[in-house]
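What follows is a single structure, written as structure tokens, with notes after it.
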Amino acid sequence: VPRARCQAAIVSVGNELLFGQTVDTNAAWLSRALADRGISVLRRFTVRDVEVDIQEAVSAAARGVDLVIVSGGLGPTPDDITTASVARGLGLSLTADRQGVEVPQYAQLLTNPVGTAPGVLIESGQTTIVLLPGVPRELEAVFEGDLEAALADLAGPDAGSVHHRVVHTTGIAEPMLADAVQERLYRGANEYAAGITLAYLPSLRGVDLRFSITDARGGKVEERFDRLIEELNPALVPWRFEAEHGDLAEAVATALERSGRTLAVVESCTGGLLAKRMTDGAGASKVFVGGVIAYANKVKVAQVGVTDEMLEQHGGVSEVVAKQLARGAAKRLGAEVGIGITGVAGPGGGAGDKPVGTVWIAVSVDGVVESIRTHFKGDRGSVRERAVQAALASLYRRLMFERTED
Ligand code: ATP
């Protein structure tokens, strides 16, 4: 009888998880590892190191699934009670093996190649219950070792793995992006979209679209992603960028290198964040020459060449000053491209027509300066992060637009 697609649940055990002292990375890792093997996780529980709590969670987790993975509390110390609790909950007796490890009746031990506590596998009715050590390195080693073969049997030969493709966007809010994309999904792209699920993953830097498909028979997956994304592309192209690790700074560095230009920056309200982003990746020295943090007006004047008249007439947060910063960056630091950023990051300092979150960004390419005025929501950190991202996006689009016009 062909098995239906295998389904699983995860129980994480440990007081420290509920105190918030330890982040439950095991559950996330397990979800991904199971998905890669064609097993979907339906629910997760987190409980204290308390016998009844563990037993109740395991029995609730086991309902209707083929596999329950329990992580944590397997060690030899008295506070490690997972094995005994699960065994008693299932009505299984415990015996000590030669090493003194407590083993439930009928259980199979899974070798732990990097620690002391082995994993435990128990068949209980329709459900396989697996106990793994809490230390992430140990959990992963047991999973990828002895457990792997057992999972292959469970998932069956027809189970496919889950494939993902991510498209990065920046500069458009999630609801607007979703509108544009969904409309195309339901029209032309419909025929390619079958079986592909789409998740919108927003952050301060933009929205990633993650396409996923479970592939039962192998092959054609990449081609299907390509065709679907091609269909959606008109809605994505103004916002989309390509970078291996998803960082727009990486995409900007590549675009600069292709165009044979270098970049210098002058930052006021972002205090060096843009320079940091540009230098986060190795190899930035090919395209990034450096920057000035022109926070005080006297630095804008003396170091970058902003004029006193403009500061007096328009104020530090203004289009003219942003443009002078961009031009000054390129000229003073010797680069073809200059970026200038000036704004009100907050929480104080906003007034009248320049409320908190107002940021002017200017980009000079071969002496031609373009500027944008933006208004970002959020706290000081968010405004600065968004401003840097918007500056990178402006430059990226200028370089890409110029390329398509070649
Ligand atoms: P062992 O005794 O073999 O070291 P154990 O199963 O007893 O393993 P725990 O005592 O539950 O493991 O946890 C040991 C450490 O592992 C914790 O202090 C914590 O740092 C980490 N850890 C436990 N559970 C998780 C989890 N769900 N996600 C990430 N880290 C975890």
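Computed from the coordinates by the stated procedures, all read-outs in this text should not be read as laboratory data. These numbers come from a predicted model, not from an experiment. For neighbour counting, all protein chains shown are included, and Cβ atoms are generated from backbone atoms with ideal geometry for every residue, glycine included.
Close amide H contacts of residue 358 (hydrogens built in the peptide plane, cut-off under 5 Å, sequence separation of 5 or more or a different chain): 344, 376. Among 331/377; 298/377; 276/331; 276/377, which pairs are too far apart, with a Cα-Cα distance over 24 Å? Listed pairs above 24 Å: 331/377; 298/377. Using r as the Cβ-Cβ distance of residue 303 and residue 186, and R0 as 45 Å, what FRET efficiency do you calculate, to the nearest 0.05? FRET efficiency, residue 303 to residue 186: 0.25.
Taking amide H atoms as placed 1.01 Å from N in the peptide plane, the amide H of residue 128 lies under 5 Å from those of 67, 68, each 5 or more residues away in sequence or on another chain. Proximity of backbone amide H atoms, modeled 1.01 Å from N, is registered between residue 43 and 10 at under 5 Å, excluding neighbours fewer than 5 places apart on the same chain. The distance between label points at residue 149 and residue 101 comes to 1.5 nm (points 7 Å beyond Cα on the Cα→Cβ vector).
Under 16 Å of direct C-alpha separation, and excluding same-chain neighbours fewer than eight residues apart, residue 354 reaches these aspartates and glutamates: 312, 319, 379. Paramagnetic label reach from residue 116 (point 7 Å along Cα→Cβ; backbone nitrogen cut-off under 12 Å): within region 46-85, residues 74-80.
Report note on the peptides 268-276, 378-386, 333-341: ranked by the mean count of other C-beta atoms within 10 Å, highest first, their order is 333-341, 268-276, 378-386. Using C-alpha pairs under 8 Å with a sequence gap of at least 6, the mean separation divided by the residue count of the chain gives a relative contact order of 10 percent. Taking other C-beta atoms within 10 Å as the exposure proxy, 229, 122 rank 229, 122 from fewest upward. Among beta bridges from DSSP that stay inside the chain, the antiparallel ones total about 65%. Give me the percent of DSSP beta bridges within region 48-158 that run antiparallel, rounded to the nearest 5. The antiparallel fraction comes to roughly 70 percent. Sparsely packed loop sites in region 100-203 (the trypsin sites (Lys or Arg not before Pro) outside DSSP H, G, I, E and B with at most 14 other Cβ atoms within 10 Å) comprise 187.
The modelled label-to-label distance for the pair residue 382/residue 29, using points 7 Å beyond Cα in the direction of Cβ, is 3.2 nm. Each residue in 400, 278 was given a count of other beta-carbon atoms within 10 angstrom of its own, and listing them fewest first yields 400, 278.
Rg over Rh for region 276-406 works out to 0.96, both radii taken from alpha-carbon positions and Rh defined as the Kirkwood radius. Over the residues of the chain, the helix contribution to mean residue ellipticity at 222 nm works out to -12000 deg cm²/dmol, using -39500 (n - 2.57) for each DSSP H run of at least 4.
If you run the Gaussian network model on the chain, springs between alpha carbon atoms under 10 Å, then out of 200, 396, 186 the most flexible one is 186. Straight-distance candidates among the aspartates and glutamates for linking to residue 286, with alpha-carbon spacing under 20 Å and chain neighbours fewer than 8 residues away dropped: 242, 244, 247, 250, 257, 336, 366. Quick one: check the C-alpha center-to-center distance for region 283-357 versus region 371-389, whole angstrom. Between the Cα centre of region 283-357 and that of region 371-389, the gap is 15 Å. Under the simplified labelling scheme, the residue 179-residue 282 pair shows an inter-label distance of 4.5 nm, with each label point 7 Å from Cα along Cα→Cβ. Placing +1 on the Cβ of every Lys and Arg and -1 on the Cβ of every Asp and Glu, with nothing else charged, gives region 292-379 a dipole about its Cα centre of roughly 160 debye.
For the peptides 250-262, 230-242, 14-26, residues were scored by their other Cβ atoms within 10 Å and the scores averaged per peptide; the highest-first order is 250-262, 230-242, 14-26. Using only side-chain charges placed at the Cβ, +1 for Lys and Arg and -1 for Asp and Glu, the dipole size of region 60-113 relative to its Cα centre rounds to 140 debye.
Put a plus charge on the Cβ of each Lys and Arg, a minus charge on the Cβ of each Asp and Glu, and nothing anywhere else: the dipole of the chain about its Cα centre is then about 1200 debye.
Mean separation of Cα pairs under 8 Å and 6+ residues apart, divided by the residue count of region 45-170: what relative contact order is that in percent? Intermediate values should be presented prior to the final figure.
On the way: 177 pairs, mean separation 27.5, N = 126.
Relative contact order, region 45-170: 22 percent.
Each of 186, 81, 125 was placed along the dipole of the chain (beta-carbon charges, centred on the mean Cα), and the one lying farthest toward the positive end is 186.
Annotation: extensible slack from residue 258 through residue 210 equals 14.5 nm (criterion: 0.36 nm per residue apart, minus Cα-Cα distance).
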